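To start, the structure under review is shown below, and the notes come after it.
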Amino acid sequence: QVQLVESGGGLVQAGDSLRLSCAASGRTFSTNTMGWFRQAPGKEREFVAAITRNTGDTYYADSVKDRFTISRDNANLYLQSNSLKPEDTAVYYCAATWKYGSGWASQGWYDFWGQGTQVTISS
């Protein structure tokens, strides 16, 4: 199957940047869509960004648009996060699915998940 391992989280100040990585192994050729989700304390897990393999189309939540950039290579997924705000504090999860389609903003659409990496932004 597919295994996903996130890294790159940490503690930074507001306005700083972080680059999150997701290392994929297994049947990565089957992962047509990959995405990032996050979950802050006391909140539901929410969609952050997604990218497709065939076209490279990207999708972003309004809360991170123009600040975050999602990208991928053959085996890895990345999230460049700039101008970080305290409200970006969350555990960030990498996700993947074989599917193409319009379900990329729904966590239930993904088949594989990493364990998450903590991102903390101080004010």
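The values are calculated or read from the model by the stated rules, or taken from the named source; none is laboratory data. Everything numeric here is computed off the predicted structure, so don't read it as measured data. Please note: Cβ atoms are built from the backbone with ideal geometry, for glycine as well, and neighbour counts cover all protein chains shown. For accessibility, only protein heavy atoms count, side chains too; no ligands or nucleic acids. Shrake-Rupley method; radii C 1.70, N 1.55, O 1.52, S 1.80 Å.
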Subset of region 71-87 [farther than 19 Å from Asp16 by Cβ and open to solvent by less than 60 Å² (accessible area, probe 1.4 Å)]: Ser71, Arg72, Ala75, Asn76, Leu77
Taking Ser63 as the residue in question, decide whether it is out of contact with any Ser or Thr (no Cβ under 9 Å at 6 or more places or on another chain), surrounded by 13 or more Cβ atoms within 10 Å (Cβ to Cβ), in a loop (DSSP other than H, G, I, E, B) and not β-branched (Val, Ile, Thr). yes
Total residues in region 44-68, condition without any contact (Cβ under 8 Å) to a residue 12 or more places away in the chain and within 19 Å of Thr117 (Cβ to Cβ): 1
Selection from region 47-59 of residues that are more than 10 Å from the chain's Cα centre (by Cα) and modelled with pLDDT of 95 or more: Thr58, Tyr59
Among the residues of region 1-57, which ones are in a strand (DSSP E or B), over 15 Å from Arg72 (Cα atoms), open to solvent by 40 Å² or more (accessible area, probe 1.4 Å) and among the basic types (Lys, Arg)? none
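Which residues, counting only those in region 69-121, are assigned to a strand (DSSP E or B) and among the charged types (D, E, K, R)?
Going residue by residue through region 69-121, those that are assigned to a strand (DSSP E or B) are 69-72, 76-81, 90-97, 112-113, 117-121.
Passing the criteria: only Arg72.
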